[in-house]
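**Student:** Sharing a structure with you now.
Each reported figure results from applying straightforward, stated rules to the coordinates on display, with no laboratory input. What you see is a predicted model; the values in this text were computed from it and never measured. Using ideal geometry, Cβ is built from the backbone for each residue, glycine included, and neighbour counts are taken over all protein chains shown.
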Amino acid sequence: MQGEFLFWFLAVFAAISVGLGKGGLPVIAGLAVPSLSLVMSPIAAAGLLLPVYVVSDVFALLAYRRNYEPKILRVGMVGLTIGVLIGWATAHLVIEWVVTILIGLMGVLFSVHQMLKKFYKKKKNKPINTNSGYFWCTIAGFTSFISHNGGPPWQIFVLPIGLSKSVFVGTSVIAFSYVNAIKLIPYYFLGQLSLDNLKITIYLMLPASIAVYVGFKLVKLIPEKVFFKIVIWALFLISLKLIWDGFKSSGQFF
């Protein structure tokens, strides 16, 4: 009974984390899979939460449907699709902890670099580097497929462009809504989706959808400069957590 209570407590907490993240608060979204991994394997947690991500995406798309940059999406969706396909094709070969550490290292280096540049003070948009976009979005699609951690590579591509707060969030919401939708097919064939998972998702839809709305309202209240500082620090902290999780999962250092 106690174990069941802990599971549902963590599942609801994870759903709320997903919803707040989809509402535009990236620091919260990074807690979803790790928190649920306390009572199941990270892979099982990722499979269980994928339908929650998809449901949250629907509400997030409604909230941010008018705020996006189509040029970024055109580049992003190509790279993200390729990344998901690579993840599907190599799912049986990937050493997850190695990928986790590498993504964490990239996120730490990038966030520290941006902190030193203080790019968030710049208002003018920069040209979109398509080659860089294809590369980082492919990495983002791949890591999103492996463990729902596509945020760091995606932000490495998008943050330096200098989008406004609402367009940054809206573009990211649309991109990862697309990713989560196309992940459903390979996840099904890899056995990561089940009827039991879908039943649990039904119960988690309400807290997740409410959390999307709360996150959306909070983003509106946060000043733009403060918002991007939060994004950068969130990327830094989440990346450190990924490095920690990777080394811990390797079993060689703990």
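**Student:** Would you mind calculating the gained length between Phe247 and Met115 on full extension (0.36 nm times residue separation, minus the Cα-Cα distance), in nm to one decimal?
**Tutor:** 45.0 nm
**Student:** Next question. What does the charge dipole of region 2-250 about its Cα centre add up to, to the nearest 20 debye, if the Cβ of each Lys and Arg holds +1 and the Cβ of each Asp and Glu holds -1?
**Tutor:** So the dipole magnitude of region 2-250 works out to roughly 1320 debye.
**Student:** Please report the projected area of region 2-250's Cα convex hull averaged over all directions, in nm².
**Tutor:** The orientation-averaged projected area of the Cα hull of region 2-250 comes to 12.4 nm².
**Student:** How are the alpha carbon pair distances in region 90-193 distributed across 10 Å bins from zero to the largest one, expressed in percent?
**Tutor:** 13, 42, 32, 11, 2
**Student:** Going by C-beta contacts inside 10 Å, put Val219, Val226 in order with the fewest on the left.
**Tutor:** By the 10 Å Cβ count, ascending: Val226, Val219.
**Student:** Taking the number of other C-beta atoms within 10 Å as the exposure measure, put His113, His148, His92 in order starting with the fewest.
**Tutor:** His92, His113, His148
**Student:** Let me ask something else about it. Can you give me the three principal axis dimensions of region 148-254 from its C-alpha atoms, in Å, biggest first?
**Tutor:** 42, 40, 23
**Student:** Report ³J(HN,Hα) in whole Hz for each residue of region 108-116, in order, from the Karplus equation J = 6.51 cos²θ - 1.76 cosθ + 1.60 where θ = phi - 60°; Gly and Pro get x.
**Tutor:** With coefficients 6.51, -1.76 and 1.60, one gets 5, 4, 5, 5, 5, 4, 6, 4, 5 Hz.
**Student:** Could you go through region 137-149 in sequence order and give the Karplus-derived ³J(HN,Hα) for each residue, using 6.51 cos²θ - 1.76 cosθ + 1.60 with θ = phi - 60°, rounded to whole Hz, and x for Gly and Pro?
**Tutor:** 6, 5, 4, 5, x, 5, 6, 5, 5, 6, 8, 6, 10
**Student:** Can you list residues whose amide H is under 5 Å from Glu69's amide H, if they're 5+ apart or on another chain and H is modeled 1.01 Å from N?
**Tutor:** Those qualifying (amide H under 5 Å, at least 5 residues apart or on another chain) are Thr171.
**Student:** Moving on. Taking only Cα atoms and a 10 Å spring cutoff, compute GNM fluctuations for the chain and point out the largest among Ala32, Ala140, Ala91.
**Tutor:** With Cα springs under 10 Å in the chain, the top fluctuation among Ala32, Ala140, Ala91 is at Ala91.
**Student:** Apply the Karplus parameterisation 6.51 cos²θ - 1.76 cosθ + 1.60, with θ equal to phi minus 60°, to every residue of region 206-211 and state each ³J(HN,Hα) to the nearest whole Hz, in sequence, with x for glycine and proline.
**Tutor:** Running phi through 6.51 cos²θ - 1.76 cosθ + 1.60 with θ = phi - 60° gives 5, x, 5, 5, 4, 5 Hz.
**Student:** A further question on this structure: Taking 0.36 nm per residue of sequence separation and subtracting the Cα-Cα distance, how much length would be gained by fully extending the chain between Leu93 and Met40, in nm to one decimal?
**Tutor:** 16.9 nm
**Student:** To continue, here is another question. A 31 angstrom limit on the alpha carbon distance is what I want to check against. Which of Lys217/Lys241; Lys199/Lys225; Lys183/Lys225; Lys22/Lys126 exceed it?
**Tutor:** Flagged as over cut-off: Lys199/Lys225; Lys183/Lys225.
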